[in-house]
Amino acid sequence: MTLTQQDIDREIAAERAAYAERRAGGAPVEHHPRRDYAPYRSSALRHPVQPLVAIDVGEDPELVELRSPAFGERDLAAGDDDLTRQHAGEPIGERITVEGRLLDRAGRPVRGQLIEIWQANSAGRYAHRRERHDAPLDPNFSGVGRALTDGGGRYRFTTVRPGPYPWRQHVNAWRPAHIHFSLFGAAFTQRLVTQMYFPGDPLFPHDPILQSVTDDAARRRLVAAYDHSLSVPEFSMGYRWDIVLDGPHATWAGEGR
């Protein structure tokens, strides 16, 4: 059976109605999506179906963190946070500035943490050997950046706005424009991977990855806000997006594609 967008839209509507019914019956807010969210077919191939396996680290459970990478200022190079200046030429597309704060559940800044981003170019194509979209590559844009949060938990990236792209889950399936974020806490085991979206995207209702976040408030927290004060005169448009690591207002954890 060939799935159409109409099929997926009906499944999304059914999932949202079921969530509303659960909430009306007193069920807690679902801040994070289920791993087996049916309209997102790829999740059936990605989520674990067996119990997690405990790592044997002897008598000291902290040893697992000693085997993970350590990050610091020495690991970043100048320009890692400016994806428009990593090549000899100018990348094609609308230049944007993305800034925000990394916060804990109490709203306190999380300092000195590594944030990595990756994204498609303005035509909606990733610079990756397994990319199948036939949109043009940009020789002056790799789509990867890194930054450390400062003393106030702030980060800042300069890049180009990514384009939407087809992802072949079903007929006429398109992903909204988004930027992937990877964040490390005090150890590799505290990694959070998520996505940032742009306001007003008409693809939001049709995207099963975004719609797998069934709670409206949690889903809205994944969308950046346009902030004119962050726009650089005659250079870039500005967007603000804060990331909350845990608690009732935590940012959704999920990678998608």
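Numbers at a glance
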{"read-out": "Residues within the range 237-251 that are open to solvent by 10 Å² or more (accessible area, probe 1.4 Å) and touching a strand residue (DSSP E or B) at 6+ places or on another chain (Cβ under 7 Å), tallied", "value": "6"}
{"read-out": "Criterion: at pLDDT 95 or above, polar (S, T, N, Q), in contact with a Leu (Cβ under 6 Å, 6 or more places away or on another chain) and surrounded by 12 or more Cβ atoms within 10 Å (Cβ to Cβ) - qualifying residue of THR97, THR84", "value": "THR97"}
{"read-out": "Boolean, ALA147 is in a strand (DSSP E or B), of a type outside the set (Lys, Arg) and farther than 24 Å from ALA38 by Cα", "value": "yes"}
{"read-out": "Pairs with Cβ under 7 Å, 6+ apart, first in the range 192-210 and modelled with pLDDT under 95, second among the polar types (S, T, N, Q) and crowded, with 21+ Cβ neighbours inside 10 Å", "value": "THR194/THR251"}
{"read-out": "Within the range 109-131, tally of residues that are in contact (Cβ under 8 Å) with a residue 24 or more places away in the chain and among the charged types (D, E, K, R)", "value": "3"}
{"read-out": "Failed item, numbered, when VAL213 is tested on (1) under 24 Å from ALA123 (Cβ atoms); (2) crowded, with 16+ Cβ neighbours inside 10 Å; (3) of a type in the set (Val, Ile, Thr)", "value": "(1)"}
{"read-out": "Lone unmet requirement of (1) buried (at least 18 other Cβ atoms within 10 Å of the Cβ); (2) over 19 Å from the mean Cα position of the chain (by Cα) for PHE181", "value": "(2)"}
{"read-out": "Residue count, the range 21-45 (criterion: part of a helix (DSSP H, G or I) and either loosely packed, with under 12 Cβ neighbours inside 10 Å or touching a helix residue (DSSP H, G or I) at 6+ places or on another chain (Cβ under 9 Å) (or both))", "value": "4"}
{"read-out": "Contacts under 7 angstrom Cβ, first residue in the range 8-34 being acidic (Asp, Glu), partner part of a helix (DSSP H, G or I), 6 or more apart", "value": "ASP9/HIS206; GLU30/TYR19"}
{"read-out": "Residue under evaluation GLY112, criteria (1) under 24 Å from LEU183 (Cβ atoms); (2) surrounded by fewer than 17 Cβ atoms within 10 Å (Cβ to Cβ); (3) modelled with pLDDT of 95 or more, criterion not met", "value": "(3)"}
{"read-out": "Enumeration of residues in the range 94-112 that are part of a loop (DSSP other than H, G, I, E, B) and closer than 14 Å to ARG156 by Cα", "value": "ARG111, GLY112"}
{"read-out": "Residues that are open to solvent by 10 Å² or more (accessible area, probe 1.4 Å) and either closer than 10 Å to TRP252 by Cα or part of a strand (DSSP E or B) (or both), drawn from the range 221-235", "value": "ARG221, VAL223, ALA225, TYR226, VAL232"}
{"read-out": "Meets criteria (surrounded by fewer than 19 Cβ atoms within 10 Å (Cβ to Cβ), more than 20 Å from SER42 (Cβ to Cβ) and of a type in the set (D, E, K, R)) for ARG191", "value": "yes"}
{"read-out": "Pairs, first surrounded by 20 or more Cβ atoms within 10 Å (Cβ to Cβ) in the range 138-154, second among the hydroxyl-bearing types (Ser, Thr, Tyr) and in a loop (DSSP other than H, G, I, E, B), C-beta under 9 Å, six or more apart", "value": "ASP138/SER122; PHE141/THR84; PHE141/SER122; GLY143/TYR126"}
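The values are calculated or read from the model by the stated rules, or taken from the named source; none is laboratory data. Because the structure is predicted, anything quoted here is derived from the model rather than measured. With ideal geometry, Cβ positions are generated from the backbone for all residues, glycine too; neighbour counts draw on all protein chains shown. Side chains are part of the model used for accessible areas, which takes the heavy atoms of the whole protein and leaves out ligands, DNA and RNA. Shrake-Rupley method; radii C 1.70, N 1.55, O 1.52, S 1.80 Å.
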